[in-house]
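Written out below as structure tokens is the structure these notes cover.
Since every read-out is calculated from the coordinates, none of them should be taken as a lab result. Just so we're clear, the structure is a prediction, and the values are computed from it rather than from any experiment. Glycine gets a Cβ as well: all are built from the backbone with ideal geometry, and neighbour counts include every protein chain shown.
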Amino acid sequence: MTTANDNRSYGTSGEKAFLDRLAASKDAATLLSNYIAAAERRVAWGPIAKTEVLLYAELLLGNAQAAASTAQRVGRAAA
């Protein structure tokens, strides 16, 4: 259960942990891409370091895209 106190302590590390959970999903590339697109419209960042978080999201997106591409190539080679 989330409390008001939890929300006040949420910051850059919490946002990066959220991104890590997105990156662990089978739909990581789509989820991270959507996160980055939605961030352009986000107004309230509070204590979250916007630039740091977006760079981290882009790094994770690149990793997810590379993993998907590799899996696709391996799948074709095995066929």
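With labels modelled as points extended 7 Å from the Cα through the Cβ direction, what inter-label distance (nm, one decimal) is found for residue 41 paired with residue 17?
That separation, rounded to one decimal, is 2.8 nm.
Round to the nearest 0.05 the FRET efficiency obtained for residue 26 and residue 55 when R0 = 30 Å and r is the Cβ-Cβ distance.
Working: r = 24 Å, r/R0 = 0.79.
That pair, residue 26 with residue 55, gives E of 0.80.
What list of ³J(HN,Hα) values in whole Hz, one per residue of region 26-41 in order, does the Karplus curve 6.51 cos²θ - 1.76 cosθ + 1.60 (θ = phi - 60°) give from phi, with Gly and Pro shown as x?
Karplus-based 3J(HN,Hα) across region 26-41 equals 5, 9, 3, 4, 5, 4, 5, 4, 5, 4, 4, 5, 5, 4, 5, 9 Hz.
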